[in-house]
1. Compute the separation of the alpha-carbon centres of the range 50-69 and the range 74-92 and state it in Å as a whole number.
2. Counting only DSSP beta bridges with both residues in the range 1-155, tell me the antiparallel percent, nearest 5.
3. In the range 17-161, what percent of the accessible surface is made up of carbon and sulfur (1.4 Å probe, ligands and nucleic acids excluded)?
4. In nanometres, what is the gap between the two model label sites at SER102 and TYR153, each 7 Å from Cα along Cα-to-Cβ?
5. What would the Debye equation give as log₁₀ I(q)/I(0) for the range 89-197 at q = 0.19 Å⁻¹, counting only Cα atoms as equal point scatterers?
6. Could I have the simple spin-label model distance between GLU48 and GLU183, label points 7 Å from Cα toward Cβ, reported in nm to one decimal?
7. How high is the relative contact order of the chain, in percent, counting Cα pairs under 8 Å that sit 6 or more residues apart?
8. How big is the charge dipole of the chain about its Cα centre, in debye rounded to the nearest 20, if each Lys and Arg gets +1 on its Cβ and each Asp and Glu gets -1 on its Cβ?
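The values are calculated or read from the model by the stated rules, or taken from the named source; none is laboratory data. Note that the structure is predicted; figures quoted are calculated from it, not measured. Here the Cβ positions follow ideal geometry from the backbone for every residue, glycine too, while neighbour counts run over all protein chains shown. Calculation scope for accessible area: heavy atoms of the full protein, side chains included, ligands and nucleic acids excluded. Shrake-Rupley method; radii C 1.70, N 1.55, O 1.52, S 1.80 Å.
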Amino acid sequence: MTQAMEAGMKSQPRVHLIWAHPRIGSLTSKVVEAIKNEATTQGIDIAELDLYRSGFNPVLQSEDEPDWANPAKIYSKEARCLAESLDGSVSLVLVFPLWWSSLPAMLKGYIDRVWNYGLVYGNGKSLPVSSIRWIALVGGAKKNFEDHKKDHYLEDYLNNGIASYCGVQDSTVTFLYNTIAFEEETSDLGKHHEALITQAKGVIIDLATEIQKEIAV
Ligand SMILES: Cc1cc2nc3c(=O)[nH]c(=O)nc-3n(C[C@H](O)[C@H](O)[C@H](O)COP(=O)(O)O)c2cc1C
């Protein structure tokens, strides 16, 4: 059992929810609300980091630039505090809209500054969680996305390029497709969004089952 799981046994397991969207009322924010409610139903505590409304500055300045010769570098207080705040969580859930086939700058900047060399990777460090669940809201249609292998590209980028690099092997990406019904018409956009919210809740239900299984071992 991992340290994170042991921590989870002492009380309700905690999941860290990190998300990025400028607008409350966006589909992304509705997905986040549904995830929080589902987590409560599943007996999971949520620690939330709403990047846009927390005042986080995603621009990496020299104080958070890694010193490759010194993994013990003292980074900015903000980066250190945010890295420390992950301690005690069993899992990370990151929710974001797909922008230019990638992460919004706000979330990318969080990873640049906080998931930093010597803080959460390198020199024997790793993220202090057992699993990561990425939930990406995709404007485009599933077929176009898959035809262009963008799902593979993003899975490789997020699971291998980031999660595994930070020591977390159990990482998956869930795509919520056709959010703006631009590439593929939908007769009822509201219903389609409800289905996407249900899909996101399913990620939390599955995650809760996995966490309970690990705690039981
Ligand atoms: C700057 C920007 C870039 C975008 N790039 C993409 C893209 O590369 N692929 C895609 O499928 N949708 C793209 N979209 C559409 C978003 O994914 C879509 O607006 C979002 O999933 C809708 O959820 P929301 O209401 O929470 O914003 C982009 C949107 C913005 C604002």
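1. If you average the Cα positions of each part, the centres end up 12 Å apart.
2. Working: 2 of 21 bridges.
Counting DSSP beta bridges with both partners in the range 1-155, the antiparallel share is about 10 percent.
3. Details: 3290 of 6550 Å².
C and S atoms contribute 50 percent here.
4. Result: 1.1 nm between the two label points.
5. Each listed q maps to, in turn, -0.98.
6. Output for this residue pair reads 3.1 nm.
7. On the way: 348 pairs, mean separation 54.9, N = 217.
Worked out over the chain, it gives 25 percent.
8. Working: 20 positive and 28 negative charges, 57 e Å.
Charge dipole, the chain, about its Cα centre: 280 debye, nearest 20.
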